[in-house]
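These notes are about the structure you will find just below.
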Amino acid sequence: MPQVVRSRIRALHGPPPVTPLPHRTRSLADREAIAVLHRAARALLEALPELTDRLVEALREQEPAYRAAMETEPSEIWQEVHHSLRHNVASLIQPREFREAAHRTSRWIGESRAEQGVPLDAVMHAFRMGGAMVWQDLIDDTARRHPEDTRLLVHVAADVWNFVDEHCGVVAEAYRQAERRLSWRRENQQRLMTAALLDGTARIADLPDAAAMLGLPVQGRYAVLAAAGARRAPHGAGRPPLTLPEGSPALWHSAGDIELAVLPLGAVPVEAEAEPRSDSETENPPASGSAPASDGELATLADGLTVPPGTRVGISSVVDGLASVGDARRLAETALRACPASGGTVLLDEHLPAALVVSSPALGTALADRVLGPLDRLDPADRDVIIETLTAWLDSDGSAQRAGAKLYCHRNTVLNRLRRFEQLTGRCLTRPSDAVEVSLALAARRLLVR
């Protein structure tokens, strides 16, 4: 018998049975064995504090996951083990009366251990250690007091271990359910915290907790990417099928029809931090929440993006600190509005005039009407030719030669069209103020007038 008992103790990690064993008819030996089991179990109940002490000490020595909990809350662990042993041993004597109470205790332990982060394997090991210790004590008590009845316990060994496996299943299921709830709660908290950062409503006092929860530095450098018009990723992943350059972390968040990504950037270079400011910079410090233009980091990220056709992407300027992510989100959405309807990527720092126009649509539309309105009296095809020529000339830095190459016409044709524009609108393209107005008006017409 001892050899049989020890072999069961070694098999502490075996999986519980998937289905309960079929009911079998009890023989006379079985009924005698049950009586022996009940007698030994009653003796065990009388010595329950001593059994609890031994099990707690065994857990301390053999299960490292429980060791930290025992150091911080030893009395709670002892009471929990004592409560579980009392209900489970009593269930061996009166299963109908104590079965549900024992299940409730096992479920509570499974849920508590999941909330405390104790690994499920450790919890299962603890339960099987308890089962092995109870079984061994049943054997030892019977062998000491009634050695002639020890052989009868063989008839109930399967029942006792099925009981242990049953409770291991209860614990595992409760643990997994609690783990799913905790995972959902954690993900929901992360979504809410990310939304608060992007909305700019996160409290300064909450930033350290948000940084720890999201794995982001409080004092890091950040940009925000806004994307619209993309398909959802497969399997409901909740973000567009944008491919960021390898090694570019991103924290994604859905905001209606727009997908947002918080982009943690590298730390400010030491050389940049140590470089002394000029007198003008000292007198006119940069606005709060803004950061120096990135040293090509955002441009590299924008060039490395894989953007599906029809997807519009806007990327903000760099901001300093987690508290400024809300400002970056607004800048990203401004860049998104400056993106052509056909799709593409707009890096805000490289399209500031267009961003200025879309940030005030009413003023931009008024400017377009005032500067380009006279062209609307022309035939649409003629009007479009002049606007196309004007745009190509500005994109060519005022070079009629390069503009003609883009438009497949002679430079004199370009100059003739520009002079016609000046005659119709009263603007002089060589006058800097007029050139600025024309450039902004063209951007407003392209982005705002549909």
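The values are calculated or read from the model by the stated rules, or taken from the named source; none is laboratory data. Worth saying up front: this structure is predicted, and the values here are computed from it rather than measured. With ideal geometry, Cβ positions are generated from the backbone for all residues, glycine too; neighbour counts draw on all protein chains shown. Just so you know, the surface numbers come from the protein's heavy atoms only, side chains and all, with ligands and any DNA or RNA stripped out. Shrake-Rupley method; radii C 1.70, N 1.55, O 1.52, S 1.80 Å.
A few comments on the model shown:
- Residues within the range 408-450 that are in a helix (DSSP H, G or I), among the hydrophobic types (A, V, I, L, M, F, W, C) and farther than 13 Å from Thr389 by Cα, tallied: 9
- Residue that is nearest to Ser439 (Cα to Cα), among those in the range 385-404 that are charged (D, E, K, R) and either touching a strand residue (DSSP E or B) at 6+ places or on another chain (Cβ under 8 Å) or at pLDDT 90 or above (or both): Glu388
- Helices (runs of 4 or more DSSP H) contained entirely in the range 20-121, each with at least 1 residues that are within 30 Å of His146 (Cα to Cα): 28-46, 48-62, 74-93, 95-116
- Residue in the range 400-407 that is among the basic types (Lys, Arg), in contact with an Asp or Glu (Cβ under 9 Å, 6 or more places away or on another chain), assigned to a helix (DSSP H, G or I) and without any contact (Cβ under 8 Å) to a residue 24 or more places away in the chain present: yes
- One residue stands out among those in the range 59-73 that are touching a residue at least 12 places away in the same chain (Cβ under 8 Å) and farther than 11 Å from Val118 by Cα: the one that is surrounded by the most Cβ atoms within 10 Å (Cβ to Cβ), which is Leu59.
- Exactly one residue out of Leu242, Leu225 is out of contact with any Phe, Trp or Tyr (no Cβ under 7 Å at 6 or more places or on another chain), surrounded by 11 or more Cβ atoms within 10 Å (Cβ to Cβ), modelled with pLDDT under 85 and within 19 Å of Thr306 (Cβ to Cβ), and it is Leu242.
- Residue, least open to solvent (accessible area, probe 1.4 Å), within the range 42-52, restricted to residues that are more than 19 Å from Thr105 (Cβ to Cβ) and not basic (Lys, Arg): Ala43
- Identity of the residue in the range 105-136, within 27 Å of the chain's Cα centre (by Cα) and over 12 Å from Ala65 (Cβ atoms), that ends up surrounded by the fewest Cβ atoms within 10 Å (Cβ to Cβ): Glu115
- Residue match in the range 317-325 (condition: modelled with pLDDT of 50 or more, open to solvent by 20 Å² or more (accessible area, probe 1.4 Å) and farther than 22 Å from Gly215 by Cα): no
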